[in-house]
Each structure stands twice: as C-alpha cells, then as structure tokens.
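Each remark here refers to the structure printed beneath this line.
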Amino acid sequence: MVHDLYILMITAGVVSLLFKLMKQPVVLGYIVAGVLVGPNLFGESVVDAHNVEAWGNIGVLFVLFCIGLEFRIKNLISSGKVAAIGALTIIGGMMCLGFGVGKWAGMDMMNALFLAGMLCMSSTTIVMKAVDEAGLSKERFVKGATSILIIEDVVAVVLMVLLSSIAIKHQFEGIELLKKVGVLAATLVVWFVFGILIIPTLLRKVKKYLNDETLIIIALGLCLGMVLTAEEAGFSSALGAFVMGTILAETVESHRIEKMMTPLKNVFAAIFFVSVGMMINPANLLDYWSSILFTCVVIIVGMILFGTLGCWWGGETMKDAMQTGFSFVQIGEFSFIIAGLGNSLGVLNPVLYPIIVASSVVTTFLTPYIMKAAVPCYNALYKRAPERLRAKIDAREQQVLTTSDVQEKGNLGDKVQHAVRHTVITKRVVKLFIENMSANDKPHDDQQTNND
C-alpha cells in the first residue's frame, strides 16, 4: 500500500502543479493523474486498484466530515428564504430534468434516478474556489450561494441513503420510502439534539487540557464513532461523517478542528479524485462524445435557469440571482460519490460513469468563464427587458437593500428563537442550543483582542 500511495501522491502532485501553472482547478489535475496511473490508458495499472479504492473510501469520509465542519446553522438562518427556496428549486428542477433525460435516453428507472441525483448537485469546492479566484468573495450573492450549497450537501447525503435503499430492493415503493425518510429524519434529530447539547458542553469543560494533538485525535475518533453508529443504524458511513462534522461545527473548537483537518482533507480528497480518474477509459470518451456534450448543455442551461429562478423567487435581486445561477454550472464531488455508490451496488450502467466524469471535467473547466458572463448577461437582460419587468427588478433591489440594513441590526439569539418558536423543542434546549452557537464565536473575539 505504501508503494501505491507513493505513486498516487507523486503523480497527483506533478500533474496538479502543471494545472496550477495553466491556471486550471487542481481537481482536474487529480482526475488526469488517475487516468495516467489507471489501467485504461497504457493497458496496465501501476497501482493496485483495490488499495486505491480503500484509500478513496477513506477520503470520502474525511471530505464529508470537513464539509460538515463548514456547515453553520446560523448562516442558514440568516439566509433563510433564499437558501431554502433556491436549493429546493435547483434540486427539484434538476432532478426532474435529469430523470426526464434519462428516460428519454431509454434508461431504466434505477439509472434515471441515479442520473437525476448526479445532475442536481453543484460542487461546493469548485464554486467557492472559482469565486475566490475571481475576486468575488465579498460580493452580495456569495452569502446566499454558500447557504444553497450547504443545503445541497445535506440533501446529497440524504439522497445517497434513499438511493441505496431503492437500489438494494430494486424497486420504488412509496410507502416504504416514506418510512425510510421518517426513520432517517428521527435519527438525525436525535443525533443532532444530543450531539449539540452534549459534545460542545464537554469540549468547553476540558478546553484548557486540549492541545492541537489531543483535539484532532478526539475529533477523528468522534467522526469514526459516528460512522460506525450510522452503519449499525443501517445508513451510509458518509452520513455519519457528515453529521459529526455538523455537530462539531457548533463547538467552541470548530475553527481549530477545521484548520487542522484541512491538510488531511486535501490529501485524501486528492486520493479520492485520483481513484475517480482511474475509472475513466479515454476510448469511451471518444465513443460517447455526443452524450457528454449533451449532458454538459443540460447541466449548464438547467443550473442557470433553476438557479436564477430559485434565487429570484427566494427574494434576491435579479443580478444576484443570475450571478448565483451562473456560478452553479458544474457537477462535482457528490456526483462522483453517487456514481461510485451506484457502481458498488451494481445498479449503474457502466456507460454512465465516464459520461458523468467527463461532463464534470468540462463544466468545471468552463465555470470561471461562465461566471464572468453573469453580469454582462444581466446588463443585456435589463437593457432589453420590458418596462414592467425593469420596474420589478428595481423594486426588488430597493427591497433587498432595505432588508439588509434591518438584518444587520438583528441579534443572533433572536433569529434562532424565531426560527424554532413553533417547534416542539423545549425552552431549555433552545437556551442551551443558542449558548453553544454563541460560544462558537467567543474564542475568536478573545483571540483578536489578545492579538490587538
């Protein structure tokens, strides 16, 4: 395994460096590295595919754990309507579009469902990197876009559980699926309530004894413990890793954990994307170029349409809505994970995998250029829009500006209490929950004061 890891790291490092010099996403470099060391390009693999798959599975867990660490309930609350309506519109619209395309192409229901799942998720990693490299990280649309991506990540994990259940039984039973959703929802509620009430409190009590080494060991232990718990409960290991990440995100040590996990996440994410590249047969890409091109068009047009509509319906300005939609024009890590899930369960048509991976590569490459076209397209739309539509766009702009001024004066505790006011959670739980969330920011204030 050491030999395999050596080959993977050296190849991925050299190729990703070349991609950085060409100002392309390093994710593409990892996938190309996988093609180079895989069995399909030169006829023989230089690494053991089973070992790489094992490393890749571990990589998925750490990637999802780190995505969970970036999950902030208070950010979702502040985005509220935009995040909920935007995410539901994009996911619902793209799943219907993907399922329709699958059935139109003659796929059975199982493959059409997996195709729908693979097409409905934008890549959090790629979007955030593209936004940062374009110098747009402080633009107004980024906050709503980030919240939508977080919801998409949550839905993707749940979707993996549901697709697994459907695939194992090889049939779609509405009542059985509803039961599975109910059990999943109840399990998540129990995990989150007990986790957010117990773990942050314990970490605060032992905070003075936690150096970096001890903290990262405890965090990884909790992550793997939740992975085993999820598997014992009949859910995917990915769900357990993500849930523990979201629980630790509400602790006073979340930013320390996230910072220390970043190098580990980068290493295993690289291995995961290399393992994805190993499954690509370049000959298949030539055979299915028309299907790849069509899939890319579906992704780009669908994401722009549903992203813009969802954010507009959610209350964003037309300019922000279009910038969000134009930044979501790719599929990424969750598409690969869902495709890998279908492969492991033996229900995914082998043709689909290279098409999805190639479509992801193409749309990832095009993302920065399409993002830059958002504002010019908005200006052209506004200039040619009827007077009535222009009046609506101007009114929304004024409404958003006014609402932003009011929200800046709001209090986090008030927002959380308002969000849970009509739920069955007791006042005591609400109080502890708010304290845990508020405590999450205190160390940064204290640290900033000390630094000053």
Handout entry: Residues of the stretch 339-357 satisfying the condition of being under 19 Å from the mean Cα position of the chain (by Cα) and modelled with pLDDT of 85 or more
Key = 356
Exercise for the section: Scan the stretch 37-55 for residues that are buried (at least 18 other Cβ atoms within 10 Å of the Cβ) and at pLDDT 75 or above and report the count. Expected result: 3
Problem - Residues that are polar (S, T, N, Q), more than 27 Å from residue 366 (Cβ to Cβ) and in a helix (DSSP H, G or I), drawn from the stretch 1-57 - result: 51, 57
Fill in the blank from the handout: Residue count, the stretch 210-249, condition under 21 Å from the mean Cα position of the chain (by Cα), part of a loop (DSSP other than H, G, I, E, B) and surrounded by fewer than 18 Cβ atoms within 10 Å (Cβ to Cβ), comes to 0
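Considering the stretch 264-296 alone, what residues qualify as being over 21 Å from the mean Cα position of the chain (by Cα) and aliphatic (A, V, I, L, M)? It would help to see each step written out before you state the result.
So in the stretch 264-296, the residues over 21 Å from the mean Cα position of the chain (by Cα) come out as 278-294.
Across the stretch 264-296, the qualifying residues are 278, 279, 280, 283, 285, 286, 292, 293.
The values are calculated or read from the model by the stated rules, or taken from the named source; none is laboratory data. All values derive from a computational prediction rather than experimental measurement. Every residue, glycine as well, gets a Cβ built from its backbone with ideal geometry; the counts of neighbours run over all protein chains shown.
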